């Protein structure tokens, strides 16, 4: 099984959390899983930006990233968050390698554009923007790529700050380019709730749209659901949203925990 796992930044804030994830991933690797990891780190970025006195600006929930904030994002996401995770994975026995889009020319996002607002150094990623030929040899060699979703702008100035791509949104295209069989979004919730507020074991695009229209899916779950649908659009056959706080979330996914989303 080839599995892409999106790790939310909140799951990586403590050494205990990273060790637990590392142990689960090591077990999965021993059982034959090919692993690709994508991580966030928005909370860590916001914390350092605040300490540096950088004002956080948002538009429709999207962070507006000026050049100074883009530099801080590179420090935090490719440095603090990525390397802390890689260290924990290596300590657990995994051959992990930390990368962003600038490494090996792995991916070149496009600048995200919205009418009437300049988001700055914010990017979006499409499957065709990813150099799969650079990623595949790492996976075939048995390595575990750990990806921070920043990269140089496609067709842009190579000396300019890296574009920061929302990690949830980037996961689908990255997984598809790498030929993954499934995507697991490890979050701080157990899955998607239905109208009765019970967690749904399996759902599809039509049902999700109904729940969104009724306001059942809202708030922080909306971006996760959109990212799951985007992964399906990119060609991933199975996407699952589940809690990353479980003792072994990979095993839990294999046992059907969380919510599976299919086309």
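The values are calculated or read from the model by the stated rules, or taken from the named source; none is laboratory data. Bear in mind that the values here come from a model prediction, so they are computed numbers and not experimental data. Positions of Cβ are backbone-derived with ideal geometry, glycine not excepted, and every protein chain shown enters the neighbour counts.
Quick notes on this one:
- Residue in segment 87-96 that is farther than 15 Å from residue 36 by Cα and touching a strand residue (DSSP E or B) at 6+ places or on another chain (Cβ under 7 Å) present: no
- With respect to the conditions (1) in contact with a helix residue (DSSP H, G or I) (Cβ under 8 Å, 6 or more places away or on another chain); (2) within 28 Å of residue 136 (Cβ to Cβ); (3) at pLDDT below 95, residue 112 lacks only one, and its number is (1).
- Here residue 191 fulfils each of the conditions (1) modelled with pLDDT of 95 or more; (2) on the phi > 0 side of the Ramachandran plot; (3) crowded, with 22+ Cβ neighbours inside 10 Å apart from (1).
- Test for residue 147: is it buried (at least 23 other Cβ atoms within 10 Å of the Cβ) and in contact with a helix residue (DSSP H, G or I) (Cβ under 7 Å, 6 or more places away or on another chain): yes
- Some residue of segment 197-219 being crowded, with 23+ Cβ neighbours inside 10 Å and either at pLDDT 95 or above or within 26 Å of residue 253 (Cα to Cα) (or both): no
- Looking across segment 227-244, the residues that are under 22 Å from residue 9 (Cα atoms) and in contact with a helix residue (DSSP H, G or I) (Cβ under 7 Å, 6 or more places away or on another chain) come down to 227, 229, 230, 231, 239, 240, 241, 242, 243, 244.
- Selection count where residues are in a helix (DSSP H, G or I) and either over 26 Å from residue 24 (Cβ atoms) or at pLDDT below 95 (or both), scope segment 136-160: 1
- Segments classed as helices (runs of 4 or more DSSP H), wholly inside segment 161-263, with at least 3 members that are in contact (Cβ under 8 Å) with a residue 60 or more places away in the chain: 167-177, 221-233, 249-254
- Filter result (free of Cβ contacts under 8 Å to residues at least 60 places away in the same chain and touching a strand residue (DSSP E or B) at 6+ places or on another chain (Cβ under 6 Å)) within segment 38-82: 57, 64, 66
- Any hit, segment 74-89, residues being within 24 Å of residue 128 (Cα to Cα), surrounded by 20 or more Cβ atoms within 10 Å (Cβ to Cβ) and modelled with pLDDT of 95 or more: yes
- Test: residue 63 is farther than 30 Å from residue 142 by Cα and under 15 Å from the mean Cα position of the chain (by Cα): no
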